[in-house]
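Participant: Quick one: the structure is below, and I'll ask about it shortly.
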Amino acid sequence: MWLVKFLLVLSLFYQVSCVFEKFYCNILQSCDCEFRPNIRDLEWDLYKNVYGQHLAQDIVSEEVGRFLENKSPDRPLVLSFHGSSGTGKTLVSSMLANHLYGSAMNSPYVHQFIPTLHFPVPQQVKKYQEELKSWVQGNLTECARSIFIFDEMEKMPPGLIDVLEPFLGPSHVVFRTNYRKAIYIFISTAGEEVINKAALENRQAGRDREEIKLADLQKDIEQTLYNNNTSGFFQSRIIQQNLVTCFVPFLPLSRRHVERCVHSQLCQQGSCGRSDVVEAVGGNMIYSPIQGQYFSTTGCKAVPAKINFFL
């Protein structure tokens, strides 16, 4: 009998706490109320819907899981995605936002920056630095769990991103919030030559794709970014100070990966059985190098347009 009473009290307490939490969230609109990380679903999404990217799948799930387990991290999580167009970099960043904030890119706590839109004039770097610092500081003050995504870093004016340096390290400057709980994602095609060369050599040597290790690429990607004078990371203090948690390589995609993209999108349209379209799109892509035809030059980026053409 006492057990039944205990369970009833426990159930009542849970209901009251849920009501209180809902009331608290409605009144204060705290981002902690929207922040509902689901690492298991993130891992499942990565392994089910991202093709040919064993390194990115493992790194993102492990780094994000480790970061969120730490209730008091000493620095933010900073991931830099690199690889050719159409290999899944933007897709993975969207998945990350979706499984931390259910509204994904529509969340007021997920912020995306595109150089050609937000920083179009390279001569105005000083102005952009002030604006970016103010924007990041303001949003961190509002929400410590903010996510900042910087797309097309290869088009970012050099020097601009260094204004983030105080926010990325274990600094004692607090900015009225625990800014160390934030997540930063940089996305770039810079470094694709290093990644594609390693993938090609691996393929020509007859080794499995999964034999490519992060250690084979990490340092070369970092050095390429730092020395590339058209990259947003050119001679960046962020790299000098080792403030990037991990440089994440996205490998070039083979025909079988492209065809998996085609099949997935056809299924979303209710046309899972159209193997003829899968084969037609896969065969219509451009592959490189000329000798071997190993990798799609556009990854899965051109798949939607190709599907519409062959349907």
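Just so it is clear, none of the values below were taken in a lab; they were calculated from the coordinates. Keep in mind it's a predicted model, so treat the numbers as computed, not measured. Positions of Cβ are generated from backbone atoms using ideal geometry, with glycine treated the same way; all protein chains shown enter the neighbour counts.
Participant: With contacts defined as alpha carbon pairs under 8 Å and 6 or more residues apart, what's the relative contact order of the chain in percent?
Facilitator: On the way: 463 pairs, mean separation 68.7, N = 311.
Across the chain, relative contact order equals 22 percent.
Participant: Please work out the C-alpha center-to-center distance from region 256-277 to region 151-223 and express it in whole Å.
Facilitator: Region 256-277 and region 151-223 have Cα centres separated by 31 Å.
Participant: Please arrange T87, T230, T298 by how many other C-beta atoms lie within 10 Å of their C-beta, fewest to most. All intermediate terms of the calculation are to be shown ahead of the outcome.
Facilitator: On the way: T87 32, T230 10, T298 17.
With the sparsest Cβ surroundings first, the list reads T230, T298, T87.
Participant: Quick check on the exposure proxy: order D32, D74, D151 from fewest to most C-beta atoms within 10 angstrom.
Facilitator: Numbers: D32 14, D74 8, D151 22.
Least to most surrounded, the residues fall as D74, D32, D151.
Participant: Can you tell me what share of the DSSP beta bridges in the chain is antiparallel? A percent to the nearest 5 is fine. Show your work: numbers first, answer last.
Facilitator: Numbers: 3 of 22 bridges.
Bridges in the chain are about 15 percent antiparallel.
Participant: Ok, one more. Using the Cα gyration tensor of the chain, with a ≥ b ≥ c the square roots of its eigenvalues, what is the shape: rounded (a/c below 1.5), prolate (a/b larger than b/c) or oblate (neither)? Intermediate values should be presented prior to the final figure.
Facilitator: Working: a/c = 1.98, a/b = 1.26, b/c = 1.57.
Because a/c hits 1.5 or more and a/b fails to exceed b/c, the chain counts as oblate.
Participant: For every helix of n ≥ 4 consecutive DSSP H residues, a contribution of -39,500 (n - 2.57) applies; sum these over the chain, divide by its total residues, and give [θ] at 222 nm rounded to the nearest 500 deg cm²/dmol. Provide the component values of the computation, followed by the final result.
Facilitator: Details: 14 runs with 155 residues, N = 311.
Calculated from helices alone, the mean residue ellipticity at 222 nm is -15000 deg cm²/dmol.
Participant: Still on this structure: Specify whether the C-alpha gyration tensor of region 145-295 places it in the rounded, prolate or oblate class, a ≥ b ≥ c being the square roots of the eigenvalues: rounded for a/c under 1.5, otherwise prolate if a/b is larger than b/c and oblate if not.
Facilitator: Working: a/c = 2.64, a/b = 1.73, b/c = 1.53.
Judged from the Cα gyration tensor, region 145-295 comes out prolate (a/c at least 1.5, a/b above b/c).
Participant: Pick out the long, greasy-scoring helices in the chain: whole DSSP H runs spanning 24 Å or more along their own axis by Cα, mean Kyte-Doolittle at least 0.5.
Facilitator: Details: long enough: 2-28 (38 Å, 1.37); 125-142 (25 Å, -1.16).
Span-like helices, by this rule, are 2-28.
Participant: Amide H of F113: which non-local residues (sequence gap of 5 or more, or other chain) have their own amide H closer than 5 Å, using H built in the peptide plane?
Facilitator: Distant-sequence amide H within range of F113: I149, F150, D151.
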